[in-house]
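First comes the structure, then the notes that go with it.
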Amino acid sequence: MRIDDLFGGDEPVFSFEFFPPKTPEGEANLFRAVEELRTLDPAYVSVTYGAGGSTRDRTLDAVRRIREEHGLEAMAHLTCVGATVDELRAQLDRFRDAGVENVLALRGDPPAGQGDWVPTEGGFSHARELVELLAAEYPFTIAAACFPETHPHATSPEDDLRHLRDKVDAGVSFLITQLFFDNAVYVDFVARARDIGIEVPIVPGIMPITDVAQIKRVTELCGATLPDPLLSQLEARAGDPEAVEDFGVAYATLQCAELLAMGAPGIQFYTLNRAPATRAILSALKLMRPWEAERSLAAAPAA
Ligand code: FAD
């Protein structure tokens, strides 16, 4: 199933991101989460792509198992890290031969310990080139990443947006955002993207907060902002993991409800291979259906 066919209907496109497991325990964990979240009937799931050699096959293994054994559409991520164009083609051939129909095309980050991005000799410098290869030679639906708070290494927000438009114009059908916690940032980003001519769906990527230290680490790595009032609420609960998770679920549920009520085309949940928080949030959203909320209370009669 091509994911680009799913946008534009009455229902938001809900999806889950997983990462490929490295150990038998991780594998059991992943497929338990997939089974638990499958009951929420996601439109599709996506599987990240690791930077290092052997982890690469794990993406395809997980995608294959999710499609064949769990009956869900699964999109494979692919990065340009450490690969020549021929190696990327070989990987894409494997994806195609395994029946993959949707690919998230990424540049990737420099390997740990290497500050600046240096393209591999014979490889690509930017995700746009990978999108061009995909569009020219493969039948996949192509998705790509975008950064409402600007990519951390971009020369400016304007340059970042221009590069994003070029990437989309090369053949991207929809975008998924980096995680963010302030909906005003997304609203502003979508407006700027539309102004510059980016017309594809821009799906918010939402990470439910379940652990204070972890979310600080993740946001520091990816350049997303934890607004001060949110951080204060988290720190007030730092010694009580259950309270953090409860608060994280409440916050993400309200965040998603507002985004959907404003017309966001769907939500991609960054699950970190854990089901409970995402399950609680999406279950509540599916009951309340905020995307249908065009209600306004009747005004009180004039006194
Ligand atoms: P690009 O679109 O290439 O942009 C990277 C930088 O280059 C930006 O600063 C951009 O402004 C600049 N740029 C683009 N084109 C040009 C140009 N022509 N000239 C000069 N500068 C230019 N990482 C993984 O390793 N595996 C994953 O599975 C993974 N999944 C992700 C999923 C999502 C939804 C997101 C948001 C990120 C994901 N990442 C993943 C992280 C991602 O690989 C990094 O954030 C990476 O640094 C940027 O990737 P990109 O595809 O956006 O790169």
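Overview of results
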quantity: Residue in segment 23-45 that is open to solvent by less than 70 Å² (accessible area, probe 1.4 Å), outside any helix (DSSP H, G or I), among the small types (Gly, Ala, Ser) and more than 16 Å from the ligand (Cβ to nearest atom) present; calculated: no
quantity: Residue check, Pro157 without any contact (Cβ under 8 Å) to a residue 40 or more places away in the chain and either open to solvent by 30 Å² or more (accessible area, probe 1.4 Å) or within 28 Å of Ser125 (Cβ to Cβ) (or both); calculated: yes
quantity: Pairs where the first residue, in segment 125-139, is of a type outside the set (A, V, I, L, M, F, W, C) and the second is open to solvent by less than 50 Å² (accessible area, probe 1.4 Å) and within 9 Å of the ligand (Cβ to nearest atom), C-beta under 6 Å, 6+ apart; calculated: His126/Arg107; Arg128/Lys167
quantity: Candidates His77, His126, His70 - the one that is open to solvent by less than 60 Å² (accessible area, probe 1.4 Å) and within 13 Å of the ligand (Cβ to nearest atom); calculated: His77
quantity: Filtered residues of segment 168-185 (kept if near the ligand (Cβ under 10 Å from one of its atoms) and open to solvent by 30 Å² or more (accessible area, probe 1.4 Å)); calculated: Gln178
quantity: Given (1) exposed (fewer than 13 other Cβ atoms within 10 Å of the Cβ); (2) in a loop (DSSP other than H, G, I, E, B), number of the condition Thr120 does not satisfy; calculated: (1)
quantity: Pick from segment 270-284, criterion on the phi < 0 side of the Ramachandran plot and in contact with a Phe, Trp or Tyr (Cβ under 8 Å, 6 or more places away or on another chain), ranking: surrounded by the most Cβ atoms within 10 Å (Cβ to Cβ); calculated: Thr278
quantity: Residue in segment 196-214 that is among the acidic types (Asp, Glu), surrounded by fewer than 19 Cβ atoms within 10 Å (Cβ to Cβ) and under 17 Å from Met262 (Cβ atoms) present; calculated: no
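The values are calculated or read from the model by the stated rules, or taken from the named source; none is laboratory data. Since this is a predicted model, take the numbers as computed values, not measurements. Ideal geometry is used to build each Cβ from the backbone, glycine not excepted, and the neighbour counts take in all protein chains shown. The protein model used for the area step is the full one, side chains on, heavy atoms only, and it has no ligands, DNA or RNA in it. Shrake-Rupley method; radii C 1.70, N 1.55, O 1.52, S 1.80 Å.
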